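What follows is one structure encoded as structure tokens, with my remarks underneath.
Bear in mind that the values in this text are calculations on the coordinates, not laboratory data. Computed from a predicted model, the values in this text were never measured in an experiment. For neighbour counting, all protein chains shown are included, and Cβ atoms are generated from backbone atoms with ideal geometry for every residue, glycine included.
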């Protein structure tokens, strides 16, 4: 993936590229650039996807099980009744 404004050097290079895997976004805003680079990270480094998935699973198990949510809900009810 190539991100950035076209230059006199880059224009001829990209005209010759026929590989559909090469993506030339040209000049883009900051949000698009950040999203594109994040997508490249996940596609090129699948181990990061696995690590993030595992971290997300652990967080859910630590904070959002039915038992934990029920306990928090009961605590709110008890506080309201005081």
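The ranking of 78, 6 from fewest to most other beta carbons within 10 Å of each one's beta carbon is 78, 6. Expressed as an acute angle from 0 to 90° and rounded to the nearest 10, what is the orientation of the C-alpha long axis of helix 66-81 relative to the principal long axis of the chain? The angle comes out at about 60 degrees.
Compute the Rg to Rh ratio over region 40-79 from the alpha carbon atoms, using the Kirkwood formula for Rh, and round to two decimal places.
Working: Rg = 16.0 Å, Rh = 12.1 Å.
With Rh from the inverse mean 1/r over Cα pairs, Rg/Rh is 1.33.
In what sequence do 11, 82 fall when counting other Cβ within 10 Å, fewest first? List each step's numbers first, then the result.
Numbers: 11 10, 82 4.
With the fewest neighbours first, 11, 82 line up as 82, 11.
Take every pair of alpha-carbon atoms less than 8 Å apart whose residues are at least six positions apart; their mean separation over the length of the chain yields a relative contact order of 25 percent. If you line up the long axis of helix 30-44 against the longest principal axis of the chain, both from Cα atoms, how many degrees apart are they, to the nearest 10? That helix lies at roughly 90 degrees to the long axis. Cβ crowding within 10 Å ranks 49, 44 as 44, 49, fewest other Cβ atoms first. Against the chain, whose longest principal axis is taken from its Cα atoms, helix 46-63 shows a tilt of about 20°. Only one of (i) 22.8, 73; (ii) 14.3, 52; (iii) 23.4, 74 was calculated from the structure for Rg and Dmax of the Cα atoms in Å, and its label is (iii). Per q in 0.34 1/Å, what log10 I(q)/I(0) does a Debye calculation on the alpha-carbon atoms of region 1-44 return? Each listed q corresponds, in turn, to -1.18. Extending 7 Å from Cα along the Cβ direction at residue 70 and again at residue 33 yields two label points whose distance is 5.1 nm. For the chain, adding -39500 (n - 2.57) for each run of n ≥ 4 DSSP H residues and dividing by the number of residues yields -22000 deg cm²/dmol at 222 nm.
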